[in-house]
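First up is the structure itself, then whatever we jot down about it.
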Amino acid sequence: MAKKVSLRQFQEGLVARLKEVQSGSVAQSASKMGVQVGQEKWLVNLPDVSEVVPLPQMLAVPLTQPWFAGVANVRGVLYSAVDFSRFLGGEPTQANIDSRLLLANSKYHMNAGIIVHHMLGLKNPDQLQPSAAENLPPWVAAEYVDSSGEHWKELNMPGLINHPDFLNVGA
């Protein structure tokens, strides 16, 4: 039986892990965070994310793309928030207790975040098999299959937040 961990313990552990990765004390290969976006499973490199927060209140911005969720104030800093599922052409993410906003690392010099359905925990990519994939969009670094046959996509954060489609939020 799996050990039960409170949401607070999980978030504290995740913050500690992010700090370890940013300080360089953890090997890059073991630093992937699993998230669910619509029906897809994604891997996110921990150094690409500065923080994972519960969905804050969003201020809607008129005349923007349907996938642009709005602007969020996170500890006095404004972040643009993108519903990643809608950006990918999927269903809108329903705001609930499991939804999260992943904030891009400040090294990218962009206050942007992506909304995901829920967190799936830390994943070791050494336990995933690369999947042959062609013509991947710039925000997909690679595709994998795990031991249970589940497909995973690895997010290329710089490829996403610097892509013209992501930057063009105007309708």
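Scan segment 144-171 residue by residue and report those that are more than 18 Å from SER80 (Cβ to Cβ) and surrounded by fewer than 17 Cβ atoms within 10 Å (Cβ to Cβ). Once the filter is applied, which keeps residues that are more than 18 Å from SER80 (Cβ to Cβ) and surrounded by fewer than 17 Cβ atoms within 10 Å (Cβ to Cβ), segment 144-171 yields VAL145, ASP146, SER147, SER148, GLY149, GLU150, HIS151.
Restricting attention to segment 79-124, the residues that are of a type in the set (D, E, K, R), over 13 Å from VAL53 (Cα atoms) and buried (at least 17 other Cβ atoms within 10 Å of the Cβ) total 3. Would you please list the contacts, defined by Cβ atoms under 8 Å and residues six or more apart or on different chains, that run from a residue in segment 87-104 that is within 22 Å of PRO137 (Cβ to Cβ) and without any contact (Cβ under 8 Å) to a residue 60 or more places away in the chain to a residue that is surrounded by 13 or more Cβ atoms within 10 Å (Cβ to Cβ) and charged (D, E, K, R)? Close Cβ pairs (under 8 Å, with a partner that is surrounded by 13 or more Cβ atoms within 10 Å (Cβ to Cβ) and charged (D, E, K, R)) amount to LEU88/GLU40; GLY90/GLU40; PRO92/ASP83; PRO92/ARG86; THR93/ASP83; THR93/ARG86; LEU103/GLU51; ALA104/ASP48. Looking only at segment 116-171, which residues are free of Cβ contacts under 8 Å to residues at least 60 places away in the same chain, among the hydroxyl-bearing types (Ser, Thr, Tyr) and in contact with a helix residue (DSSP H, G or I) (Cβ under 8 Å, 6 or more places away or on another chain)? Within segment 116-171, just SER147 meets the criteria.
Just so you know, all these numbers are worked out from the coordinates, no wet-lab data involved. Just so we're clear, the structure is a prediction, and the values are computed from it rather than from any experiment. FYI the Cβ positions are ideal-geometry reconstructions off the backbone, even for glycines, and counts take in every protein chain you see.
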